[in-house]
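Only the coordinates and a few stated rules stand behind these numbers; no lab work does. No experiment lies behind these values; they were computed from the predicted model shown. No Cβ is skipped: glycine too gets one built from the backbone with ideal geometry, and neighbour counts run over all protein chains shown.
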Amino acid sequence: MEENKEKNMQNKVIIVTGGSRGIGAAIVRILANEGHQVVLNYNQSKELAENIKQELKQEGKEIDIFKADVSKREEVKELIKFVIEKYRKIDVLINNAGIAQEKLFTQITDEDWNTMIQMNLNSVFYCTQEVVPYMITNQKGSIINISSIWGVTGGSCEVHYSVAKAGIDGMTKALAKELGPSNIRVNSIAPGAINTDMNKNVTQEEWEELKQEIPLESIGKTIDIAKCVKWLVEDEYTTGQIISVNGGWYI
Ligand code: NAP
């Protein structure tokens, strides 16, 4: 009984944006399995979100699912309001939702550019800004941003994506300095190539070629990123870091 009480006190309220598929879904599963109170945010994939909720329920874990387009400030406000009204606090925010687009730089339109920045960078600004006041009140918190190897090295034919992800990493470092005295940690995880819907256009031949460039000679799995998130959720002395999880693709 005492043990359970202690464990419950250690359990954290965690929001995972874009938790319906791919890396986000793996993060939701690993954290729910750790006993944390997870709120899965989705936008379009309602059925997938419901399936994850159901699957976890069968294993005895309750999660919340909440629809919000995180590129819209008003919808982010609704998401945070829901979590605060239900749990009174937010311990961890995982900014995972994102989109990708491959285009030659000369063919990127204003609309492509603005959509990319809105979806991948402004969304992180909105979610983080709406959550941080509650973390400051509690004098503790952790923000984990899923950026990308391309934010660090630059990705050919993905200039707008690379800019958005580099922006996230800049935000991570600056905010870590600003929020450190409030006991709030801010870190980025920069995945390499992970086999998800985001890469559904990559052919088998291209994956094989890619493996030759990666020292660990394999493509990343969603669980590889989720394990790093789990570690960062537990950690208490890492902040302002861009953690590469990429099989050594970029060192
Ligand atoms: P994915 O399989 O395409 O899944 C994207 C997720 O983001 C979905 O759950 C989607 O939700 C959600 N999402 C997109 N726009 C959203 C919005 N406006 N509001 C709320 N949710 C939204 O992609 P992934 O590979 O798992 O990528 C996850 C993160 O990792 C992204 O930030 C991506 O840039 C980053 N990353 C991925 C790779 C890779 O190789 N896969 C490499 C580096 C970085 P709905 O379907 O419900 O709309």
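Dividing the mean sequence gap of close Cα pairs (under 8 Å, 6+ apart) by how many residues the chain holds gives a relative contact order of 19 percent.
Loop-located trypsin sites (Lys or Arg not before Pro) in the stretch 34-82 (DSSP state other than H, G, I, E, B) with a sparse environment of at most 16 neighbouring Cβ atoms within 10 Å: Lys72.
I'd like the distance between the alpha-carbon centres of the stretch 110-182 and the stretch 73-92, rounded to an integer number of Å. With the stretch 110-182 and the stretch 73-92 each reduced to a Cα centre, they are spaced 18 Å.
Estimated purely from DSSP H runs of n ≥ 4, each contributing -39500 (n - 2.57), the mean residue ellipticity at 222 nm for the chain is -15000 deg cm²/dmol once divided by its residues.
Take every Cα pair under 8 Å in the stretch 115-169 that's 6+ residues apart, average their separations, divide by the length, and report that relative contact order as a whole percent. List each step's numbers first, then the result.
On the way: 41 pairs, mean separation 24.8, N = 55.
Relative contact order comes out at 45 percent.
Both the radius of gyration and Dmax for the chain are 17.8, 63 Å, in that order, over alpha-carbon atoms.
Indicate the gyration tensor shape class of the stretch 1-97 (rounded, prolate or oblate), computed on the Cα atoms with a ≥ b ≥ c the square roots of the eigenvalues: a/c under 1.5 is rounded; otherwise a/b larger than b/c is prolate and the rest oblate. Spell out each step's value before the answer.
Details: a/c = 2.11, a/b = 1.36, b/c = 1.56.
In terms of gyration-tensor shape, oblate.
Once you've got the GNM for the chain with C-alpha springs shorter than 10 Å, pick whichever of Ser162, Ser45, Ser20 has the biggest mean-square fluctuation. Largest GNM mean-square fluctuation: Ser45.
Cross-link reach is defined here as a Cα-Cα straight distance under 16 Å, omitting same-chain residues fewer than 8 places apart; for Lys77 the lysines meeting it are Lys67, Lys86, Lys89.
The share of C-alpha pairs in the stretch 207-251 whose separation exceeds 12 Å stands at 66 percent.
Rounded if a/c is under 1.5, else prolate if a/b is larger than b/c, else oblate: which is the stretch 38-143, with a ≥ b ≥ c the root eigenvalues of its Cα gyration tensor? Cα axes put the stretch 38-143 in the oblate bin.
Look at Thr106, Thr222, Thr115 and count the other Cβ atoms within 10 Å of each Cβ; fewest to most, that gives Thr106, Thr115, Thr222. Using a Gaussian network for the chain with springs between C-alpha atoms less than 10 Å apart, which of these wobbles most: Ile90, Ile80, Ile108? It is Ile108. Pairwise Cα distances in the stretch 137-251 exceed 21 Å in 41 percent of cases. Each Lys and Arg Cβ is given +1 and each Asp and Glu Cβ -1; about its Cα centre, the stretch 126-251 then shows a dipole of about 500 debye. Tell me whether the stretch 89-206 comes out rounded, prolate or oblate; compute the Cα gyration tensor, take square roots of the eigenvalues as a ≥ b ≥ c, and use a/c under 1.5 as the rounded threshold. Since a/c reaches 1.5 and a/b is larger than b/c, the shape of the stretch 89-206 is classed as prolate.
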